[in-house]
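The values are calculated or read from the model by the stated rules, or taken from the named source; none is laboratory data. Values in this document were obtained by computation on a predicted structure and should not be read as measured data. Cβ placement follows ideal geometry from the backbone for every residue including glycine, while neighbour counts extend to all protein chains displayed. The accessibility values were calculated without ligands, DNA or RNA, using every heavy atom of the protein model including side chains. Shrake-Rupley method; radii C 1.70, N 1.55, O 1.52, S 1.80 Å.
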Amino acid sequence: MVQVVHDPKAFRDACDQLRSQGERIGLVPTMGALHEGHLALIDEAKARGASRVVVTIFVNPKQFDRADDLAAYPRDLDTDLDACEARGVSLVFAPKDRAMYPEGYQTHVQVGALAEELEGEYRPGHFLGMTTIVAKLLILTGPCIAVFGRKDYQQWRIVDRMTRDLGLPVEIVGHPIVREPDGLALSSRNRLLTPEDRTRALAIARGLRAAAEAWQAGERSAETLTGLARAPIADAFDRIDYVKVIDPESLRAREGIVDRASIVVAAHLGSVRLIDNLELGVDPAPSV
Ligand code: PAF
């Protein structure tokens with residue numbers, strides 16, 4: 001079986017040992033409920049030269065802005081461990097909340113402007129919690145590379161900024177979004193969708209596809225692209241937090257004619273909040 005460690009000190013020792021044996025550690029931080037998207041991150045770490053892949057599974061309470069969202073977040077450690085084992089993961093770190101945030105804990109890592117808008121606006125405190133746990137995991141693990149999914153586009157950009165700003169010696173890799181054949185971006189939260197809402201959720205892929213097709217045909221107006229992406233989502237979803245064309249580096253909303261851009265989406269179906277995005281003007285163009 002894959003080695004599973006729950007205690008931070010034991011985890012640090014295990015990582016130290018791997019490094020002392022000359023292994024290149026690739027880290028895949030997760031909150032569990034693993035799906036093919038996570039498994040693709042494990043593969044990516046290996047493809048980028050990690051001789052050992054370490055997966056962390058921790059539903060980080062500090063990055064949830066709603067108690068009901070934290071309570072509902074899917075948890076299935078045994079199945080996750082089987083998936084890690086089957087994918088050739090060397091070590092899994094699955095700590096308890098108290099181990100990561102012991103009594104008296106009061107240190108946080110905060111990234112500036114990149115974390116202020118989009119998810120930062122709609123989920124207050126989310127990125128503060130996210131960067132804090134990712135910094136802690138990077139420090140504990142000491143990996144050569146760490147792989148994140150680009151479905152959480154803003155998260156990937158923020159983690160990359162944070163590691164550069166703090167001078168952490170790790171390469172941050174953003175892996176392209178993995179989708180179901182019908183276009184739904186893989187997410188642990190998809191498990192919470194009713195069959196009917198699973199069908200309604202496809203409106204995001206339809207909207208992004210419409211924008212991608214227009215882009216391919218030469219459309220460059222941020223307003224037109226936003227409108228195309230938004231229309232099916234507005235029809236199918238209960239509530240939209242945002243559908244925006246943003247600059248892929250600064251993450252600021254764009255207006256007028258754009259050359260390279262990303263469309264980012266966050267919308268609600270009942271109590272389930274889904275996010276997705278599409279990078280435009282990159283080669284090869286991501287498929288939706
Ligand atoms: O993307 C996630 O699952 C989480 O935000 C992460 C990176 C594991 C930090 O808790």
_Consider the stretch 30-59. How many of its residues are under 15 Å from Thr141 (Cβ atoms) and either surrounded by fewer than 23 Cβ atoms within 10 Å (Cβ to Cβ) or within 11 Å of the ligand (Cβ to nearest atom) (or both)?_
8
*Flag if Thr224 is without any contact (Cβ under 8 Å) to a residue 12 or more places away in the chain, farther than 19 Å from Arg273 by Cα, open to solvent by 20 Å² or more (accessible area, probe 1.4 Å) and away from the ligand (no atom under 13 Å from the Cβ)*: yes
*Are any residues in the stretch 194-214 of a type outside the set (Gly, Ala, Ser) and open to solvent by 20 Å² or more (accessible area, probe 1.4 Å), and if so, which ones?*
Thr194, Pro195, Glu196, Asp197, Arg198, Thr199, Arg200, Leu202, Arg206, Arg209, Glu213
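So is Asp65 away from the ligand (no atom under 12 Å from the Cβ) and either touching an Asp or Glu at 6+ places or on another chain (Cβ under 7 Å) or modelled with pLDDT under 95 (or both) or not?
Values: away from the ligand (no atom under 12 Å from the Cβ): yes; either touching an Asp or Glu at 6+ places or on another chain (Cβ under 7 Å) or modelled with pLDDT under 95 (or both): yes.
Against the criterion (away from the ligand (no atom under 12 Å from the Cβ) and either touching an Asp or Glu at 6+ places or on another chain (Cβ under 7 Å) or modelled with pLDDT under 95 (or both)), Asp65 qualifies.
For the stretch 1-16, enumerate the residues that are open to solvent by 20 Å² or more (accessible area, probe 1.4 Å) and farther than 24 Å from Pro102 by Cβ. Please lay out each step first, then the result.
If we filter the stretch 1-16 for residues that are open to solvent by 20 Å² or more (accessible area, probe 1.4 Å), which is where we start, we get 1, 3-4, 6-10, 12-13, 16.
Result: Met1, single match.
Scan the stretch 256-278 for residues that are over 23 Å from Arg239 (Cα atoms) and open to solvent by 10 Å² or more (accessible area, probe 1.4 Å) and report the count. Let's see the steps before the verdict.
Taking the stretch 256-278 first, the residues over 23 Å from Arg239 (Cα atoms) are 256-261.
If we keep only those that are open to solvent by 10 Å² or more (accessible area, probe 1.4 Å) as well, we get 256-257, 259-260.
Of the residues in that region, 4 qualify.
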*Which one is surrounded by the fewest Cβ atoms within 10 Å (Cβ to Cβ) among residues in the stretch 230-252 that are in a strand (DSSP E or B) and out of contact with any Ser or Thr (no Cβ under 7 Å at 6 or more places or on another chain)?*
Arg239
*Could we say that Val134 is crowded, with 17+ Cβ neighbours inside 10 Å and more than 11 Å from the ligand (Cβ to nearest atom) here?*
no
*asked:* Which numbered condition in (1) open to solvent by 20 Å² or more (accessible area, probe 1.4 Å); (2) part of a helix (DSSP H, G or I) is the only one that Glu117 fails?
replied: (2)
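Only one of Glu279, Glu255, Glu219, Glu213 is over 22 Å from Glu119 (Cβ atoms), outside any helix (DSSP H, G or I), modelled with pLDDT of 95 or more and charged (D, E, K, R). Can you tell me which?
Values: Glu279 fails: over 22 Å from Glu119 (Cβ atoms); Glu255 fails: over 22 Å from Glu119 (Cβ atoms); Glu213 fails: outside any helix (DSSP H, G or I).
Step by step, each of Glu279, Glu255, Glu219, Glu213 is checked, and only Glu219 is over 22 Å from Glu119 (Cβ atoms), outside any helix (DSSP H, G or I), modelled with pLDDT of 95 or more and charged (D, E, K, R).
Being open to solvent by 10 Å² or more (accessible area, probe 1.4 Å), within 14 Å of the ligand (Cβ to nearest atom) and without any contact (Cβ under 8 Å) to a residue 24 or more places away in the chain narrows it down to one of Asp160, Asp152, so name that one.
Values: Asp152 fails: without any contact (Cβ under 8 Å) to a residue 24 or more places away in the chain.
Result of the check over Asp160, Asp152: Asp160.
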*Take the residues of the stretch 75-102 that are outside any helix (DSSP H, G or I) and exposed (fewer than 15 other Cβ atoms within 10 Å of the Cβ): which is nearest to the ligand (Cβ to nearest atom)?*
Arg75
